[in-house]
Amino acid sequence: MKTYLVVVEGKPQGPFSIEELKQLNIRPGTFVKSPDMDDYKEAHELAELRDLLGFKKELVQPQYYATLDVRLLAWVIDYLLVWAIYASLSLVLIYFFIDDRKLRIIIPFASIVLVPVFRSMYVTVMEASAQQASLGKRLLGLKVCAVSGERLSFSKSVLRNLCKWLSALTFGIGYLMGFLDRKQQCLHDKLAGTLVVKDRLL
C-alpha cells in the first residue's frame, strides 16, 4: 500500500496510508511526498490524491524565478552534453565506418550547425516532459512552465524553443530583456508565455 510523508507545522510526519490521510483532513495545499517522489508536492498536484480525497487541481503561481546567470550555466551544461555525444558518435563513425577522407573532415565541422540543432530538439522534448527541464536545468534545480505554473504542452515547448532563435537573431537583446523583467522573462519566454523557475522552497 502506498504511503506518504506529510508536512505538518513545517515538519515531515508519517508515513501515512491513504485512509490515515483522510483522517488527517489534509488540505489541497498540504505538502506530501511518497517514497517514489524526489521532492515534496502539494496534495492537489498528485492525481491519485485528487481522486481519492476529492481535491481539484489548483493553479499555483510560480514564486521563484531563475536568474539569467543560472540559466546560462544550464545552457552550457546542455550544450557540452550534446557536443560530447556528437563527438563520441563522430569518432565511432570516422574510425570504424567511414573511409572517405572528405567526409571524415566534414563530420567534425558539421558540429557547428548540428550540435545547436540537436540541442534545441533535446531541450524541446525535455521541457515538455514530466521533468519539465533538460539535464542542465535539473542539475541546477530549474524547470520550465507556463506563466500559470502548468507543465508545458509539446506544442508550447516547440514554440518556446523556436522563439529562442529570434532572441539570438536580435544580437542577444532578446535574452538581455530578462535583466529588465521582474519575472526574468526573455523575449522567447514572453512570446511563448513561459517562465523558468527555481524549485519551490519549503
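Tabulated data
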{"item": "Cross-link pairs beyond the 26 Å C-alpha cut-off, checked among LYS22/LYS198; LYS143/LYS164; LYS2/LYS198; LYS137/LYS164", "result": "LYS22/LYS198; LYS2/LYS198"}
{"item": "Gain on full stretching of the segment that runs from TYR95 to ILE112 - 0.36 nm per residue minus C-alpha separation", "result": "4.1 nm"}
{"item": "The chain, relative contact order in percent, only Cα pairs under 8 angstrom and at least six apart counted", "result": "18"}
{"item": "Under the Karplus curve 6.51 cos²θ - 1.76 cosθ + 1.60, θ = phi - 60°, whole-Hz ³J(HN,Hα) for the range 103-114, x wherever Gly or Pro sits", "result": "5, 4, 7, 5, 4, x, 5, 5, 4, 4, 9, 6"}
{"item": "Value of relative contact order over the range 136-202, rounded to a whole percent, pairs C-alpha under 8 Å and six or more apart", "result": "40"}
{"item": "Under 5 Å, built H, 5+ apart or other chain: amide partners of PHE16", "result": "TYR4, LEU5"}
{"item": "Ratio Rg/Rh, restricted to the chain and using Cα atoms, in which Rh is the Kirkwood radius", "result": "1.10"}
{"item": "Loop-located trypsin sites (Lys or Arg not before Pro) in the range 11-109, at most 14 other Cβ atoms within 10 Å (DSSP)", "result": "LYS56, LYS57"}
{"item": "Loop chymotrypsin sites (Phe, Trp or Tyr not before Pro), the range 133-202, which have at most 12 other Cβ atoms in a 10 Å radius of their Cβ (DSSP)", "result": "PHE171"}
{"item": "Order of TYR95, TYR40 - criterion: other Cβ atoms within 10 Å of each residue's Cβ, fewest first", "result": "TYR95, TYR40"}
{"item": "The chain, helix-only ellipticity at 222 nm - DSSP H runs n ≥ 4, -39,500 (n - 2.57), divided by all residues, nearest 500", "result": "-15500 deg cm²/dmol"}
{"item": "Diffusion coefficient, µm² s⁻¹, Stokes-Einstein with Kirkwood Rh over alpha-carbon pairs of the range 4-53 at 37 °C and 0.692 mPa s", "result": "308"}
{"item": "For the range 4-53: relative contact order, % (alpha-carbon pairs under 8 angstrom, 6 or more apart)", "result": "31"}
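Since every read-out is calculated from the coordinates, none of them should be taken as a lab result. Just so it is clear, the model here is predicted, and its values are computed rather than measured. Cβ atoms come from the backbone with ideal geometry, glycine included; neighbour counts cover every protein chain shown.
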